[in-house]
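What follows is a single structure, written as structure tokens, with notes after it.
The values are calculated or read from the model by the stated rules, or taken from the named source; none is laboratory data. None of these values were measured; they are calculated from a predicted model. Heads up, the Cβs are rebuilt from the backbone with ideal geometry, glycines too, and the neighbour counts pull from every protein chain shown. Accessible surface is based on the protein model in full, side chains and every heavy atom, while ligands, DNA and RNA are left aside. Shrake-Rupley method; radii C 1.70, N 1.55, O 1.52, S 1.80 Å.
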Amino acid sequence: MAANNVADNIGKEQILEIAKSEIELKVDLFNRLTNVCFDKCIEKRYKESELNMGENNCIDRCVAKYWQVTNLIGQLLGPSQPSM
């Protein structure tokens with residue numbers, strides 16, 4: 001019974017580490033998306049306190065394309081990774 005508890009704890013620790021890694025990857029992905037789209041779509045000199053129509057459209061397209069590419073890469077790389 002004690003060996004079973006140790007195995008459960010190891011499994012829980014591994015799951016927790018995997019979850020932490022996934023969260024870190026998602027945060028990194030979001031930060032990169034934000035930086036790329038901000039640099040591409042927002043002028044360096046702020047003229048207004050709110051985004052104008054062109055900036056809004058640019059950000060919408062940028063985010064959509066970024067997610068499309070990210071999902072495509074995930075699909076292409078997903079099946080080829082070795083299973084554990």
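Counting just the residues of region 45-64 that are part of a helix (DSSP H, G or I) and loosely packed, with under 13 Cβ neighbours inside 10 Å, which one comes out nearest to the chain's Cα centre (by Cα)? Taking the candidates together, the pick is Ala64. Looking only at residues in region 10-44 that are open to solvent by 80 Å² or more (accessible area, probe 1.4 Å) and polar (S, T, N, Q), which one is modelled with the lowest pLDDT? Selected residue: Gln14. For first residues located in region 51-62 and closer than 15 Å to Leu33 by Cα, partners that are in a helix (DSSP H, G or I) and open to solvent by 80 Å² or more (accessible area, probe 1.4 Å) and lie 6+ apart or on another chain with Cβ distances below 6 Å form the pairs Cys62/Lys40.
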